[in-house]
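Taken together, the values in this text are just the output of simple stated rules run on the coordinates, not laboratory data. Please read all numbers here as calculations on a predicted model, not as lab measurements. Backbone-built Cβ (ideal geometry, glycine too); neighbour counts: all protein chains shown.
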Amino acid sequence: MSYSRFGREAEYAAGSCLNKYGWAVFFSRGSRGPADIVASRDNTFLLIQVKSSTKIPKIRGAEIQNLIHMSKKISNSYPLLSFVHPHIECNLNDNSIIFGNYLINFFILPQWESVNFLK
């Protein structure tokens, strides 16, 4: 599987997981903007950059800053980073979500605090 296909599949997994828990999910075309996914529920917006890897995902500081900057322009929005891995038990934390063959974690920025917005 190519890196871009795995990345797109990871975005779909994160979005599908959110959708299953009542979030309206919108995907960025081509994943070129600060957010790969915008999710909304009850007037709350999640701006999500998805990173996927079988090892440690790579993210540039500028990507984080752009996502935070975008969030400051939208009321009731939260910038999130989502790490999506093939189901690997060693990366579990209290907020980890197992969804199909993937382990998904969401982190709110800039605090890098693990969060669970599915509740």
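Values computed for the structure shown
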{"quantity": "Filter result (over 23 Å from N19 (Cα atoms) and in contact (Cβ under 8 Å) with a residue 12 or more places away in the chain) within the stretch 69-88", "calculated": "H69"}
{"quantity": "Pair list, Cβ < 8 Å and 6+ apart or interchain, from the stretch 90-111 residues that are under 16 Å from C17 (Cβ atoms) to residues that are aromatic (F, W, Y) and part of a loop (DSSP other than H, G, I, E, B)", "calculated": "F106/F117"}
{"quantity": "So A24, is it surrounded by 14 or more Cβ atoms within 10 Å (Cβ to Cβ) and touching a residue at least 12 places away in the same chain (Cβ under 8 Å)", "calculated": "no"}
{"quantity": "Selection count, the stretch 27-49, where residues are part of a loop (DSSP other than H, G, I, E, B) and either loosely packed, with under 14 Cβ neighbours inside 10 Å or aliphatic (A, V, I, L, M) (or both)", "calculated": "4"}
